[in-house]
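See structure below.
The values are calculated or read from the model by the stated rules, or taken from the named source; none is laboratory data. This structure is a prediction, so every number in the text was calculated from the model and none was measured. In this analysis, Cβ positions are derived from the backbone assuming ideal geometry, glycine residues included, and neighbour counts consider all displayed protein chains. Keep in mind that these areas ignore ligands, DNA and RNA; they rest on the heavy atoms of the full protein, side chains included. Shrake-Rupley method; radii C 1.70, N 1.55, O 1.52, S 1.80 Å.
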Amino acid sequence: MKVHGLIMSPNVRKVIVALNAKGIAFENIQVFPGTHTPEFLKISPRGMIPAFEDGDFAFSDSAVIMEYLEEKFPETSLMPSGPKNRALSRWFTEYGGSVVFPPCGTIFTQLMANPYYFKRPTDQAAVDDAITEKLPPILDYLESHVPDTGFLFGELGVADISLLSPFINAEYGGYEIDAAKWPQMAAYYQRGKAHPAFMSTLIEEDKLRQAIMAQAS
Ligand SMILES: N[C@@H](CCC(=O)N[C@@H](CS)C(=O)NCC(=O)O)C(=O)O
């Protein structure tokens, strides 16, 4: 099985953390965001990472890939049981991808990717908007939903992975969840990062991050 995409991308990381949590072996093919070669567009028609290959079957989108993994390898399940909890799990997965990811992505792009890799200026107004306007209501909402201990449905699942992964990128841009304002979220984020599936991913990711940063400087 092959995951196409840069591990530092929040959406690629989601798939890799899910694979690690399930204990499934895979190969990570480093495809940078914005790769629009005809070959890559065949497996990811929107030209976005991640894309996934399982033998001669290939497709894209992190949420779809995680659902596929869940159906193909149900043994270590990353989804709760019962229609209500499964609906909630899908909702938080969607919320992570469509609502949490954009402002966290902005912080990462503007404060890490642009200055250190692309050598482009930082759009400070976009960063300020992400930090002061976009993220607070998101954190307020999540603060009332995340548990005191463990994860949304007990063990780490796709919903947690989807909510937490974007914050890793925000942290690369220097953002920290304010534990005085959002204590539950700050603690939940630290628990997520300390989970073996996240930890092993972040160790691999750090090697690549250092290499990219070294090349860029
Ligand atoms: N809904 C997609 C979003 C994927 C996505 O936004 N990927 C970004 C990197 S994190 C990307 O490929 N951006 C390049 C582009 O927009 O051209 C998923 O969850 O896989």
query: In the list Thr93, Thr109, which residue meets the criterion of being out of contact with any strand residue (DSSP E or B) (no Cβ under 7 Å at 6 or more places or on another chain), under 19 Å from Gly34 (Cα atoms) and within 15 Å of the ligand (Cβ to nearest atom)?
result: Thr109
message: Step by step: first the residues of the range 45-59, then only those that are of a type outside the set (A, V, I, L, M, F, W, C), assigned to a loop (DSSP other than H, G, I, E, B) and within 20 Å of the chain's Cα centre (by Cα), then the one that is farthest from the ligand (Cβ to nearest atom). Which residue is that?
response: Arg46
statement: Gly55: passes all of (1) surrounded by fewer than 19 Cβ atoms within 10 Å (Cβ to Cβ); (2) assigned by TED's automatic domain parsing to the domain that holds Ala159 but (2)
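In the list Ile161, Ile131, Ile107, which residue meets the criterion of being open to solvent by 50 Å² or more (accessible area, probe 1.4 Å), of a type in the set (A, V, I, L, M) and in contact (Cβ under 8 Å) with a residue 24 or more places away in the chain?
Values: Ile161 fails: open to solvent by 50 Å² or more (accessible area, probe 1.4 Å); Ile107 fails: open to solvent by 50 Å² or more (accessible area, probe 1.4 Å).
When all the criteria are applied, what remains is Ile131.
What's the total number of residues in the range 201-215 that are in contact (Cβ under 8 Å) with a residue 24 or more places away in the chain and either open to solvent by 50 Å² or more (accessible area, probe 1.4 Å) or not in a helix (DSSP H, G or I) (or both)? Lay out the reasoning, then the answer.
If we filter the range 201-215 for residues that are in contact (Cβ under 8 Å) with a residue 24 or more places away in the chain, which is where we start, we get 201-202, 204-205, 208-209, 212-213.
Filter once more, keeping what is either open to solvent by 50 Å² or more (accessible area, probe 1.4 Å) or not in a helix (DSSP H, G or I) (or both): 204, 209, 213.
Qualifying residue count, the range 201-215: 3.
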message: Looking only at the range 91-105, count every residue that is farther than 11 Å from Phe167 by Cα and within 15 Å of the chain's Cα centre (by Cα) and tell me the total.
response: 7
task: Considering every residue within the range 177-189, establish whether at least one is more than 17 Å from Cys104 (Cβ to Cβ) and of a type in the set (Val, Ile, Thr).
output: no
message: Between a residue in the range 81-98 that is within 16 Å of Met66 (Cβ to Cβ) and any residue that is modelled with pLDDT under 95 and surrounded by fewer than 11 Cβ atoms within 10 Å (Cβ to Cβ), which pairs come within a Cβ distance under 6 Å, given they are 6 or more apart or on different chains?
response: none
- prompt: Of all residues in the range 6-43, which are of a type in the set (S, T, N, Q), assigned to a loop (DSSP other than H, G, I, E, B) and either open to solvent by less than 20 Å² (accessible area, probe 1.4 Å) or within 22 Å of Pro103 (Cβ to Cβ) (or both)?
  reply: Ser9
query: Does the range 68-83 include one or more residues that are within 12 Å of the ligand (Cβ to nearest atom) and not in a helix (DSSP H, G or I)?
result: no
statement: Pairs returned, first residue in the range 1-13 that is under 12 Å from Phe59 (Cα atoms) and within 7 Å of the ligand (Cβ to nearest atom), second residue that is open to solvent by less than 10 Å² (accessible area, probe 1.4 Å) and at pLDDT below 95, beta-carbon separation under 6 angstrom, 6 or more apart or interchain, are none
